[in-house]
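First the structure, in the form of structure tokens, and then the observations on it.
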Amino acid sequence: MSFKKGDYVLVLDEDLSGTVKSIKGNVISIETQEGFLMDFNSNELVKKEKKESIKSNLFSHSSIDDVVLEKEQPKRKKKPKKKAKERNEPTMEVDLHINELVKSTRGMTNYDMLTLQLDTAKRKLDFAIANRIQKVVFIHGVGEGVLKLELEYLFGRYDNVKFYDANYQKYGLGATEVYIYQNTTSN
């Protein structure tokens, strides 16, 4: 194939095109659309009638530059928006009602039941601390207040814990919310 200065050519086996700038024997210098001068053998080039590159054939609706820019910009994943009320909801609830912990209380004394409830509360609180869960609601019920009093004593032994009555509208007087301070500095 014969080439002359000014011909528009495509490079075989590469996504390059350009205009012939000089011909020296079998070596042809082309200027790419980006402005680079490159040398190729004549058997590596094909003459194209219109000044239309492969890129514009493949991406007729947008240029390669637009596609590259789109790919380079990191896309943010949209998180579903939460209402302020939902953001303040505790992430973990622990129901300490005895019928939630065992199938039957047959043969258990009040002391056994209270011990089981407190052991469960301690285990769940330790779990929350280890897994960096900030808010836990312990549902203890109203009753005579023995479990609530024992829970307050248990929570008081932790340095990084603050506790208070949980949301009255949701739990009434039968729940305590625990806020766990997360240590950001390590000793």
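The values are calculated or read from the model by the stated rules, or taken from the named source; none is laboratory data. Not measured: the values here are computed from a predicted model. Backbone-built Cβ (ideal geometry, glycine too); neighbour counts: all protein chains shown.
Find the residue count for segment 129-173, including only residues that are closer than 19 Å to Asn99 by Cα and of a type in the set (Val, Ile, Thr).
4
Given the conditions (1) farther than 27 Å from Asn99 by Cβ; (2) touching a Lys or Arg at 6+ places or on another chain (Cβ under 8 Å); (3) modelled with pLDDT of 90 or more, report the number of the one that Thr176 does not fulfil.
So the condition that Thr176 fails would be (1).
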